[in-house]
Every structure is written in structure tokens, then in C-alpha cells.
Amino acid sequence: MIEKEVTVRNRAGIHARPAALIVQTASQYAAHIEFKKDHETINAKSIMGIITLGASYNSSITIAADGEDEEEAVESLVRLFENRFEED
Amino acid sequence: MEEQFTVLDLLDLDLKEHNDLGLTCVGGRQGLLRAITTPDLNRPGLALNGFFDNFGSDRLQIFGRGEHAFVDKLTREGVLDNIQELFSRDIPACIFTHGLAPPAEFQSIADEAGCPILQTELVTSEFVMRLIRALGNVFAARETIHATLVEVFGIGVLILGDSGVGKSETALELIERGHRLVADDAVEVRRVAGNILLGQGANPALGHHMEIRGLGIINITHLFGVGSIRDDKQIQLICQLEVWDSQKAYDRIGAEERTLEILGVATPYLEIPVKPGRNIPIIIETAAMNERLKKMGYYSAREFNQNIMRWLDSENARKAYLQKKGIT
């Protein structure tokens, strides 16, 4: 189990398109991946879950992964956040 | 990291009709961000009389007609020590019922202390009941679960399962068959009134949407009408969908009751194996109806087994009788 905190860097926040990107990426790994924001925890392989987190610009999210490929999973998700989901 | 519940949040609670608190802020606005940390309430009669032992300073202070009349008397007589002492205790807020307004001296002490004064038109007993109910919900134990919640024949069915096992597709067919969607993908479960599990969408502001692979995000309210949705529902049955595992022994009789605990509340629990050709929505519909039968005291599997035992008994008796007569 590893955890890493990230910040939403794109202006629009996590709307449908970034959420789809996150789910696509997360689904490539077998590990169980969760996003935590404030007191809410949701499954990172669920689009509606991620959208309902309501993660706006500059909000911080903790990515937690548990499973064999946990490190690769967190690494590629963090990269998505760092690249601002290819938005501004 | 739990979010703080402030006095402003209390004013913002979206409660309707018989739950409405009817609160407005009439003073001490700078204190609206004070946190409410407990669902308990206090009537400050003793404190106003100068007795502060065991004073519940972390509670909302409710001023009914009696307290209001007493505050009125104190301010008319110019005795303000106890009121000042009261506000020095960092109470979260004062609430006046019956639409009563506090005297100006009381107001200015509250303003100085930065303690919000709220007012409601409701009578004290009704208001206190509603407030306890509302705060009970706010402070209820809660958990967000990756699942889908539907109401099937009046039974709240929580569908669990890994991503891609077909929770949303199952729910979609149930909706198509006239049942109702409560929440898809992210269900917020709260434990209220002791042992009731109440489920609702994790973000009610976003409405009832579903994600169906191949279709994308669809709006259930618009597609199927308002009759096909519900805001919240008690969870009465849990169905775990899982890919059929031929090594695993699934329940074939259903005579023993299995339960799953969520937030410490045990709820009837079924494991439903999924494979092509198995119509899961119909199985869930049947499970819901069976659950209703059980609530009425009729257990299909148990009743069936009793019939078999009765039949075996009578068969034994018949054999014994025939043997005795030497007719075998």
C-alpha cells in the first residue's frame, strides 16, 4: 500500500474528460486504487465516483494504491496530474 | 480529516417541509464560522441564573419563551453578569424560538463576543425535535462506497462488485423494468436512528447520472422520468456481483441467513455469480421479492425444507405400518 498527495493543476478542475483519463489509466492496473479528498474516499476506477469528488483547481487529493503493481499505478496517475491532463 | 460543521452550514442545510428549521441569523454575524462539534443541545436556564457547573458550553443554546422572559427581566434590571459569563464560554450559537428577539443589551454582548444569534418561528418543542433530527444526520457515521443503489419493489438493494462486473448495466435494466435509481457508482451511506443504513448519491447536487460503457454518461431523470429516481433509500439488501468462479461453492439452498456489516449494521447479504446467460436484473428482482416475503415471515427455503421433512416423516410412518402388517 502506497500513498501520494497530488494537487489539481488544471484550471477547470476534474471534469468529465480528466475523470475519463484517470479511470482509463487506473483500469490498466490490477491494484486497488483509491482517491481521498477531505473525508471522502472513492474508487479510482469509477468515473462517476471521481466526478462526484468535485475536485476543483488547486484542491489536493491523496492517491492510495494497494496491489502488486501499486508503484507503477501511482506513478502514472501522478504523471497525469503533473501534465494537467493536457489542459491549461 | 473531518470537515468542520459550522453555524453557517446549519443555516445552509437544505431541509424541506416538516424538516425545515426556519433559521435566520439576527446577530453576531462575525461568528457564523464557529464550529458545532456535538449534536447535543442545552437550555441555558441554570447558566442564566449564575450556575455554571457542568455547563454544556460546546452545545447550541436554545432560548425558549421561559429563557427569553428571564433574559428580558435580567436586562431590565440591569443584571448582565451571567449573560456576559455565558458568552465568555465560547458557545457555538444562541437560538431563539417562537420568533422571539433578544433584548438590545443581550444582542450587543453577543456581538462583542462574536457569537451568532439565530431565530426561528417554530415553537421550542417542535424546533428541538427537528434540530435533533437534522444534527443526528449531520453527525451520523458515514462512508462512501463504490456501489450502485436501487429501489426494487420498495426494497433498497445495494449492488456491490468490482469495476466492470456490470453493476451499472444491471441497474439500468432494473430502471427499465420500472424500478428506481438512488445512486450509481458512489453511494454515501449514513447510519441514522441507531441501526438504519441510509444511502444517497455521494454528491446530490449532481443529480442522477450513470456511466454505461459504450454509451458514456447518461441522465436517468431525463431519459426515464422522475418516477425512475429517488433521493435516498434505506439499504435493506446487499447483492455482491462477482465473476462466476467454478471453484467456489455458491449458496444453493438459501436456508441460512448471511449478513454483511456496513458501519456496524448487519444487512442481509447475497453473493450472485455473474456469467453470460444469467439474467442478473431478474435475479435481483426475485431476491428483493423474497426479502419482502421474509419480512412477512415466510422463508421459501425453510418452508420447502419443512415440507420435505414432513413428507419423509409420513413416508417412514407408512413404511413402518406396511412392514408391521407384513405387506412390504
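The values are calculated or read from the model by the stated rules, or taken from the named source; none is laboratory data. These numbers were taken from a predicted model, which means no experiment stands behind them. Neighbour counts run over all protein chains shown; Cβ positions are idealised from the backbone, glycine included. For the accessible areas, the whole protein counts, side chains as well, though only heavy atoms, and no ligand, DNA or RNA atoms are used. Shrake-Rupley method; radii C 1.70, N 1.55, O 1.52, S 1.80 Å.
Of the residues examined, B:VAL189 is one that is among the hydrophobic types (A, V, I, L, M, F, W, C) and open to solvent by less than 10 Å² (accessible area, probe 1.4 Å).
The condition of being closer than 17 Å to B:PHE139 by Cβ and over 25 Å from the mean Cα position of the chain (by Cα) holds for only one of B:GLY56, B:GLY78, B:GLY66, that being B:GLY56.
Restricting attention to segment B:83-111, which residues are over 21 Å from B:LEU11 (Cα atoms) and of a type outside the set (Val, Ile, Thr)?
Scanning segment B:83-111 gives B:GLN84, B:GLU85, B:LEU86, B:SER88, B:ARG89, B:PRO103, B:ALA104, B:GLU105, B:PHE106, B:SER108.
Taken together, the residues in segment B:1-36 that are surrounded by 14 or more Cβ atoms within 10 Å (Cβ to Cβ) and within 14 Å of chain A (Cβ to nearest Cβ) amount to 2. Which of the residues belonging to segment A:53-66 are open to solvent by 40 Å² or more (accessible area, probe 1.4 Å), within 13 Å of another protein chain (Cβ to nearest Cβ) and touching a strand residue (DSSP E or B) at 6+ places or on another chain (Cβ under 7 Å)? A:SER60, the sole residue that qualifies.
Do you know which residues across segment B:251-271 are more than 28 Å from B:VAL192 (Cα to Cα) and touching a strand residue (DSSP E or B) at 6+ places or on another chain (Cβ under 8 Å)?
Going residue by residue through segment B:251-271, those that are more than 28 Å from B:VAL192 (Cα to Cα) are B:251-255.
Hit for segment B:251-271 is B:ASP251, nothing else.
When residues of segment A:1-52 are filtered for being facing chain B (nearest Cβ under 8 Å) and more than 21 Å from B:GLY161 (Cβ to Cβ), how many remain?
Our first condition is that a residue be facing chain B (nearest Cβ under 8 Å); within segment A:1-52, this holds for A:16, A:27, A:38-43, A:45-49, A:51-52.
Still in the running and more than 21 Å from B:GLY161 (Cβ to Cβ): A:16, A:38-39.
Of the residues in that region, 3 qualify.
Output the helices (runs of 4 or more DSSP H) that fall wholly within chain A and possess 1 or more residues being of a type in the set (Phe, Trp, Tyr), or say none.
Values: elements: A:16-27, A:47-52, A:70-82.
Correct list: A:70-82.
If the condition is being buried (at least 21 other Cβ atoms within 10 Å of the Cβ) and not aliphatic (A, V, I, L, M), then segment B:88-109 contributes B:PRO92, B:CYS94, B:PHE96, B:THR97, B:PRO102, B:PHE106. If you check B:PHE96, B:PHE55 for being modelled with pLDDT of 95 or more and in the same structural domain as B:LEU122 (by TED's automatic domain parsing), only one passes: B:PHE96.
Checking each residue in segment B:50-74 for being more than 17 Å from B:LEU118 (Cβ to Cβ) and either in contact with a Pro (Cβ under 7 Å, 6 or more places away or on another chain) or not in a loop (DSSP other than H, G, I, E, B) (or both) picks out B:GLY66, B:ALA69, B:PHE70, B:ASP72, B:LYS73, B:LEU74. Of all the numbered requirements in (1) modelled with pLDDT of 90 or more; (2) within 14 Å of chain A (Cβ to nearest Cβ); (3) at positive phi, B:GLY264 misses one, and that requirement is (2). For segment B:196-219, check the following and say yes or no: at least one residue is under 28 Å from B:ALA140 (Cβ atoms), buried (at least 18 other Cβ atoms within 10 Å of the Cβ) and of a type in the set (Val, Ile, Thr). No, segment B:196-219 contains no residue that is under 28 Å from B:ALA140 (Cβ atoms), buried (at least 18 other Cβ atoms within 10 Å of the Cβ) and of a type in the set (Val, Ile, Thr).
Does any residue of segment B:200-221 turn out to be part of a helix (DSSP H, G or I) and away from chain A (no Cβ under 14 Å)? Within segment B:200-221, one or more residues are part of a helix (DSSP H, G or I) and away from chain A (no Cβ under 14 Å).
Considering only segment B:110-143, state which residues are under 17 Å from the mean Cα position of the chain (by Cα) and open to solvent by less than 30 Å² (accessible area, probe 1.4 Å). Don't jump to the end; show me each part of the working.
Within segment B:110-143, the subset under 17 Å from the mean Cα position of the chain (by Cα) is B:129-143.
Residues satisfying the conditions are B:LEU131, B:ALA134, B:LEU135, B:ALA140.
Restricting the first member to segment B:59-86 and to residues that are open to solvent by 40 Å² or more (accessible area, probe 1.4 Å), and the second to residues that are of a type in the set (Lys, Arg), the beta-carbon pairs closer than 9 Å and six or more apart or on different chains are B:GLY66/B:ARG43; B:VAL79/B:LYS73.
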